[in-house]
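Heads up: the structure comes next, in structure tokens.
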Ligand SMILES: [Zn+2]
């Protein structure tokens, strides 16, 4: 086979083997305790840290079989502080955290499984949660319920229920998080089960099945964001994309990213410039292998963006709110929505004089309910626009469309 047909075959095979790879569901598995911290000691002498690690490693393998990505906070017998576990988790850009523990009670009679999660309806003043975790309560609770249901069904253990909890690992992170208390080491029957490799395997499979039923939020960094609903609608419409499982809502939108969104909405290929099409000159910072070369060239041809005197077109430069308004309204005009002339003086926004080059665009878009100020009286035309602000603007535009 030639090199390119080999590549094609490899791609097809990978698509068959990892059909869900594009979803990139990523789980952090956290085996509780470890190293100098044994956790609970079973009535049979079994150490909790050992059981937790073995179930967690089996859980990792079960999740991978389902095409879910897994990272472990520890995969051997070592001590890890709670804060380090959470800090590690926050850096993984993962979708959920599952911490695996075994329970213990001064009395030998309690038995069964329970799942802990943080619940904003039961706050504890001395143990504050992260703002993300507060907002993620419905997600964490749903994940906890799915895991518990699966464990009860597959192991036959007693239902010890969902437990709203302020334990550190489910309280301080930024993604839906649960802590599974698999069974009681203080209960002789369950301690014997936990010592059995086949039972650990059954437990791991049950937890994995529960996780697989859970639908994590699409973007891990927008769950508490003011624009989260607009961002989701824009993603579902195919107008905006994330970067992996992040949306980076507060990052400034670049010129190339903006014209990419405009191309998806207005289909630049089908448009003709207001005047004659511009020739697209060679820009020193827009080589033909730049990801945005095609769409940036279209934008320049239509006169939406201009190059700079130093022969650059700066695809990676943030775009300002005034520029966004001007380009966006020009595109609307090309598709039949006339631009209106603002009344003399300033209007609505104190920082947009009617004489400014972007004022007719801001005026027209504001009248159509598509654009908003930063405050009621300020538009901040020279400020960079965030990716969240663009999502909100495009969402209002979409809602206005017949
Ligand atoms: Zn524990």
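The table below gives the values:
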| read-out | value |
| --- | --- |
| Segment 41-74: number of residues that are part of a loop (DSSP other than H, G, I, E, B) and either over 29 Å from residue 189 (Cβ atoms) or in contact (Cβ under 8 Å) with a residue 24 or more places away in the chain (or both) | 9 |
| Candidates 229, 269, filtered to the one that is assigned to a helix (DSSP H, G or I) and surrounded by fewer than 13 Cβ atoms within 10 Å (Cβ to Cβ) | 269 |
| Qualifying position, being assigned to a helix (DSSP H, G or I) and either under 24 Å from residue 49 (Cβ atoms) or in the same structural domain as residue 73 (by TED's automatic domain parsing) (or both), among 147, 180, 163 | 147 |
| Residue, modelled with the lowest pLDDT, within segment 113-135, restricted to residues that are touching a helix residue (DSSP H, G or I) at 6+ places or on another chain (Cβ under 8 Å) and either part of a helix (DSSP H, G or I) or within 16 Å of the ligand (Cβ to nearest atom) (or both) | 133 |
| Filter result (within 16 Å of residue 180 (Cβ to Cβ) and either modelled with pLDDT under 50 or within 16 Å of the ligand (Cβ to nearest atom) (or both)) within segment 1-33 | 29, 30, 31, 32, 33 |
| In segment 25-40, the residues that are in contact (Cβ under 8 Å) with a residue 60 or more places away in the chain and either buried (at least 21 other Cβ atoms within 10 Å of the Cβ) or within 21 Å of residue 81 (Cβ to Cβ) (or both) | 25, 27, 28, 29, 30, 31, 32, 33, 39, 40 |
| Tally, over segment 384-402, of residues that are crowded, with 16+ Cβ neighbours inside 10 Å and in a loop (DSSP other than H, G, I, E, B) | 1 |
| Whichever residue in segment 90-103 is part of a loop (DSSP other than H, G, I, E, B) and surrounded by fewer than 19 Cβ atoms within 10 Å (Cβ to Cβ) and, among such residues, is farthest from the ligand (Cβ to nearest atom) | 93 |
| Enumeration of residues in segment 276-302 that are over 16 Å from residue 259 (Cα atoms) and crowded, with 19+ Cβ neighbours inside 10 Å | 283 |
| Residues of segment 359-389 satisfying the condition of being farther than 29 Å from residue 232 by Cβ and in contact with a strand residue (DSSP E or B) (Cβ under 8 Å, 6 or more places away or on another chain) | 359, 363, 377, 382 |
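The values are calculated or read from the model by the stated rules, or taken from the named source; none is laboratory data. Note that the structure is predicted; figures quoted are calculated from it, not measured. In this analysis, Cβ positions are derived from the backbone assuming ideal geometry, glycine residues included, and neighbour counts consider all displayed protein chains.
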